[in-house]
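Presented below is the structure to which this report refers.
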Amino acid sequence: MSDACLFCRIASGELKVNLLAETANAVAFRDIQPQAPVHFLVIPRQHVDSLAEAGDSALLGEMLRLAADVARSEGIEPRGYRTVINTGEHGGQSVFHLHVHVLGGRALSWPPG
Ligand code: 5GP
Ligand code: ZN
């Protein structure tokens, strides 16, 4: 883990954000630049660079379960929502601490750009 990593600092509480929910190993909070009426991120507490380096399948499951639970509490479950994990350069990843985006509250187009 790097002290300089933005999401490590959020996960540890060093950088204060309003958490939407948390589990033993993951936290959910709103994206600072929302791309939909509801847009939040789920990250592991422990630093993992990206999905490519994520070897803990239980942790990945915990993150997805938390994503779905928060989507429900945010009210976007009935009409649906999108979960996205950008990985690496071509995936458009800009923060290299694994995160699941959850977007909802409007119809989302497909395919993505
Ligand atoms: P990526 O492009 O790596 O898939 O997504 C990174 C996301 O993190 C972006 O949607 C960006 O808006 C969000 N983000 C970057 N810095 C911060 C921050 O300081 N706080 C929060 N809440 N979100 C951030
Ligand atoms: Zn980190």
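The values are calculated or read from the model by the stated rules, or taken from the named source; none is laboratory data. All figures in this text were calculated on a predicted structure; none of them were measured in a lab. Positions of Cβ are generated from backbone atoms using ideal geometry, with glycine treated the same way; all protein chains shown enter the neighbour counts. The area values use the complete protein model at the heavy-atom level, side chains included, leaving out ligands, DNA and RNA. Shrake-Rupley method; radii C 1.70, N 1.55, O 1.52, S 1.80 Å.
Apart from one condition, H97 fits all of (1) open to solvent by 30 Å² or more (accessible area, probe 1.4 Å); (2) not in a strand (DSSP E or B); the exception is (1).
I'm told G113 meets every condition in (1) modelled with pLDDT of 95 or more; (2) more than 16 Å from ligand 2 (Cβ to nearest atom) except one. Can you identify the failing condition by its number? Of the numbered conditions (1) modelled with pLDDT of 95 or more; (2) more than 16 Å from ligand 2 (Cβ to nearest atom), the odd one out for G113 is (1). The residues of region 63-78 that are open to solvent by 50 Å² or more (accessible area, probe 1.4 Å) and closer than 24 Å to V48 by Cβ, listed by number, are L64, R65, D69. Within region 29-73, the set of residues being away from ligand 1 (no atom under 15 Å from the Cβ) and touching a Phe, Trp or Tyr at 6+ places or on another chain (Cβ under 7 Å) comprises just one member, A71. One residue is enough: does region 8-21 have a residue meeting the conditions touching a Pro at 6+ places or on another chain (Cβ under 9 Å) and more than 24 Å from W110 (Cα to Cα)? Checked against the condition, which is being touching a Pro at 6+ places or on another chain (Cβ under 9 Å) and more than 24 Å from W110 (Cα to Cα), region 8-21 yields at least one hit. Of the residues making up region 29-49, at least one is out of contact with any His (no Cβ under 9 Å at 6 or more places or on another chain), of a type in the set (D, E, K, R) and within 16 Å of ligand 2 (Cβ to nearest atom).
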